[in-house]
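These notes concern the structure reproduced below.
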Amino acid sequence: MSRVDGTIRELSDAGVAGLTIAWADNNGIPRSRTVPIAALHDVARTGVGVTPLFAVFDSSDAITFAHPGLATPSGDVRLVPDHLRITRLAGQPALAWAPGTIVTAEGEPWPYDPRSALQRQVDALAEAGLTARAGYELEFGVYLDEGMAPAHHGPAYGPAALTEIDAFVGDVLHDFRANGLRIGQLHAEYGPAQVEVTLGAADPVTAADEQLLARQTLRAAARKHGLCLSFAPLPSQASAGNGWHLHTSLWRGERNLLAGGPEGPGTDGAAYVAGILRDLLAVAAVSAPSLGSTARLRPGFFAGAYAFWGVENREAPLRYVPGSALLGEDHANLELKTSDASGNPYLALAAVLAAGAAGVAEGLVPPPPVAEDPGTWSDAERAASGIVALPTTQAGQEEALLASSRVTAALGHDLLGAFLAVRRSDAAAAEGKDLDDVLSGLRWRY
Ligand code: GLU
Ligand code: MG
């Protein structure tokens, strides 16, 4: 019996009726198809048919035909589940879940597939003798209803806040474990209603897969308790921002190149930091690409509004987290704060790794780390240190993205074209609207 057939039998015996195959589109929005378990034998090989136009869905499900490669309603591609990653869903007992890769009808790589784009970066690292580890932190709002009545009232980081959503928290802890997700920690975050869950580090493709599975797991647990979750970067102007911070480390064999000391990483790790810093504006245009993302980028909110790096500096978009005698040197990693749920997790990681690996290949040296918040400095002080603000408009993000040959190459010509068409479609739809309206349109989308 093949491995797939073994899985089919196990799922059927456990009463699982369907497999949901999920991917994330260019807005970071999870999309899916569900197939009966009985069909899995074939689907695992041939996938299920989906329209290529998913690459040009915008954040409100409008389809833009502005990208020349996907300018007509014709065509079909195949969504193939990664059968090695099939997971029974504790919170949805009739279903199992798997991440999908999209291929052409001939089974060839489809240039718009984000999971393949990340795999290409992982392969490129391997050719250079490198591997990466990655892990996401997820901040989100928990509400009693779609009117945004907060399900907890703080205090920030308080255990009292969690008592208000105790049954939900219990299911999250239970279901994450049952679904094979490792929680580092869970806490009431800064704002009313806000909760954070951190995920354990994994290889990049697994980390992105797990970010999607975590969303599904959280949504099912919330639904069970009649709660509404907002993963949006900024659910409303009055809300705390939801960062989905992305931690990475780069390894040569058993050696974590990010290891160093309280001053910063060693030479190669510093070059990784320098590479990402050099391309930070372009990386952020992929990892925090929506109109909600740019609204979240407010100085002083720990969201990373200016381009700099620091050691354990929580205002820095690039926060170096050193190892220590207590934690071990291999704890060292680099946190990207300009990352949120509207960034496709595969593309965000592909952009980070492409930028960082280029830094290592070129032996870049970063500027000195900054311990303060440059948002409190004068323009002249920032200019003297070469620190610029991250773009807060779609046009500014597009310009920054196009200026980076490394990040654009990581996406590839076709995917880049579709990605930008989607961003422009979002911006055009928002023209003349209040920011409140734009944010409410994105609130429940991710
Ligand atoms: N909520 C902040 C953000 O928008 C991050 C707070 C923190 O550092 O955990 O990213
Ligand atoms: Mg946090």
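Give me the net charge of SER249's neighbourhood, meaning all other residues with Cβ under 15 Å from the Cβ of SER249; Lys, Arg count +1, Asp, Glu -1.
It works out to a net charge of -3.
Once amide H atoms are built 1.01 Å from N in the peptide plane, which residues 5 or more positions from VAL16, or in another chain, come under 5 Å H to H?
none
Have a look at ALA403, ALA341, ALA221 and tell me which one the Gaussian network model of the chain (Cα, springs below 10 Å) gives the largest fluctuation.
Fluctuation is largest for ALA403.
Helix check for the chain. Which DSSP H runs span at least 27 Å along their own axis by Cα, with a mean Kyte-Doolittle hydropathy no less than -0.5? Could the numbers behind the result be given before it?
Details: long enough: 204-224 (30 Å, -0.38).
Result, helices passing both filters: 204-224.
What does the highest-first list of 233-244, 120-131 look like by mean Cβ count within 10 Å?
Highest-to-lowest ranking by the protection proxy: 233-244, 120-131.
Can you compute the helix-only [θ] at 222 nm over the chain? Use -39500 (n - 2.57) per DSSP H run of at least 4 residues, normalise by all residues, nearest 500 deg cm²/dmol.
It comes out at -11000 deg cm²/dmol, rounded to the nearest 500.
Residues of segment 339-372 with amide nitrogen under 13 Å from the 7 Å Cα-to-Cβ point of SER385?
367-372
Can you sort SER324, SER290, SER116 by how many other beta carbons sit within 10 Å, fewest first? Can you show the working numbers first?
On the way: SER324 12, SER290 30, SER116 19.
Final ranking by Cβ density, sparse to dense: SER324, SER116, SER290.
Highest first, please rank the peptides 7-13, 175-181 by the mean number of other Cβ atoms sitting within 10 Å of their residues.
Averaged packing, sorted descending, gives the order 175-181, 7-13.
Excluding GLU372 itself, calculate the net charge of residues whose Cβ lies under 15 Å from the Cβ of GLU372, where each Lys or Arg counts +1 and each Asp or Glu counts -1. Write out the running numbers ahead of the final one.
Working: positive: ARG314, ARG319, ARG382; negative: GLU312, GLU315, ASP373, GLU381.
Around GLU372, the surrounding residues sum to -1.
Take peptides 307-320, 379-392 and line them up by average Cβ neighbours within 10 Å, highest first, as a rough protection proxy.
Working: 307-320: 22.0, 379-392: 13.9.
So the peptides 307-320, 379-392, ranked by packing, come out 307-320, 379-392.
Using the Karplus curve 6.51 cos²θ - 1.76 cosθ + 1.60 with θ = phi - 60°, what ³J(HN,Hα) values do you get for each residue of segment 95-102, in whole Hz, with x for Gly and Pro?
In residue order, the calculated couplings are 10, 10, 9, 8, x, x, 10, 9 Hz.
Where both residues lie in the chain, what percent of DSSP beta bridges are antiparallel, nearest 5?
Working: 52 of 60 bridges.
So the antiparallel bridges amount to about 85 percent of the total.
So what's the net charge close to LEU53: Lys and Arg +1, Asp and Glu -1, counting the other residues with Cβ under 12 Å from its Cβ?
With Lys, Arg at +1 and Asp, Glu at -1, the net is -3.
Which whole-Hz couplings ³J(HN,Hα) result when phi for each residue of segment 37-51 is put into the Karplus expression 6.51 cos²θ - 1.76 cosθ + 1.60, θ = phi - 60°, listed in order with x for Gly and Pro?
4, 4, 8, 5, 4, 7, 4, 4, 8, 9, x, 10, x, 9, 6
No value in this document is a laboratory result; all are computed from the given coordinates. This one's a predicted model, so the numbers in the text were calculated from it and none came from an experiment. Methodologically, a virtual Cβ is constructed for each residue, glycine included, from the backbone with ideal geometry; neighbour enumeration extends over all protein chains shown.
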